[in-house]
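These notes concern the structure reproduced below.
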Amino acid sequence: MPVKGYFRAMKAVCEKYGALLILDEVMCGMGRTGMLHAWEHGDVDVVPDLAVVGKGLGAGYVPISAVMVNARLVDAFQASGKGFAHGQTYMAHPQAAAAGLAVQRAIRNDNLLENVRAMGAVLERTLKATLLPHPHVGDIRGCGLFWAVEFVVDKQSKTPFPESLELHAKMHARGMAKGYEIALFNANGACDGYTGDHFLICPPFIVTEDDVNEIAARTTRVVEDTFDELVNSVAWEKVVLEMEVVNNSKPVVDVAVGESELVTVE
């Protein structure tokens, strides 16, 4: 989640240049983080101009998404006396809308956001206890039932694994294998758009504490077994060589200027 003050600063930039603050909450919105909207965890005085939601809106029962528009924009359109031409082939589909409404009612009536917050705390505590000690787990971050585990070569430098290793894909493949049976939403690019292997863990809102413990146990086995196999492989030898090349080609950190000569500071 963004640090306190981030949304306020972004809103100020948008207002300075006449831009709209648009938030993509297709994955993180509609309760996934423990609040109906993920931006509610940020600066309480900042509300987006436009917000896009999707996955949590219909809980997978039907394909549905929506664009939420700030009343300020709606009022501006109405005051102008001009229409806003827009539309998609299946927009306002009655069956999808009915399913989305039923999902939102269930979330409210069954107090599922409270369960997301409570089970999210259990998931955070369990994942950090079992995985953070691992030498190649660089970070575990998230909120509610929306968590990411990121992998690094070493914890001090936070150096990502080479893209060619496709570590994230190896994690996903093992998770889907017999004996593990857990779907880990894998990806890379968290570091620079190319490197930065990680996966997401996003349990359903109705998850129980027993479920969370099982999820954490299976995830931990996937990570440990993947690295146990990897460190004894030819691929790992290539990783070590690549990292040695990177370390040996690091730029000069700083230069101290003396009276008569330049002194390189390693």
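No lab work stands behind these numbers, since they all come straight from the coordinates. In this text the structure is predicted, and so the values were computed from the model without any measurement. Glycine gets a Cβ as well: all are built from the backbone with ideal geometry, and neighbour counts include every protein chain shown.
Here are some notes:
- Cα-based shape type of the range 6-109, given that a ≥ b ≥ c are square roots of the gyration tensor eigenvalues and the cut on a/c is 1.5: oblate
- Order of TYR180, TYR90, TYR6 - criterion: other Cβ atoms within 10 Å of each residue's Cβ, fewest first: TYR90, TYR6, TYR180
- Least to most buried among ARG105, ARG221 (fewest other Cβ within 10 Å first): ARG105, ARG221
- Among ALA12, ALA99, ALA85, residue whose mean-square fluctuation peaks in a GNM of the chain (springs only between Cα atoms under 10 Å): ALA85
- From the coordinates shown, Cα Rg over 2.2 N^0.38 Å corresponds to which of (i) 1.26; (ii) 0.99; (iii) 1.12: (i)
- Separation between Cα centres of the range 125-153 and the range 190-246, rounded to whole Å: 9 Å
- Dipole check for the chain: with +1 at the C-beta of Lys and Arg, -1 at the C-beta of Asp and Glu, and the Cα centre as origin, the magnitude is about 1140 Debye.
- Relative contact order of the range 122-203, pairs being alpha-carbon contacts under 8 Å that are 6 or more residues apart, as %: 27 percent
- Relative contact order for the chain: 13 percent, from Cα pairs under 8 Å spaced at least 6 residues apart, divided by residue count.
- Computed lengthening from ASP110 to SER164, 0.36 nm per intervening residue step minus Cα-Cα distance: 14.9 nm
- Rounded to 0.05, the FRET efficiency of the SER233 and CYS14 pair, given R0 = 35 Å and the Cβ-Cβ distance, is 0.15.
- Taking other C-beta atoms within 10 Å as the exposure proxy, GLU237, GLU242 rank GLU237, GLU242 from fewest upward.
- Label-to-label distance, nm, for residues given as LYS155 and ALA118 (7 Å Cα→Cβ offset): 3.2 nm
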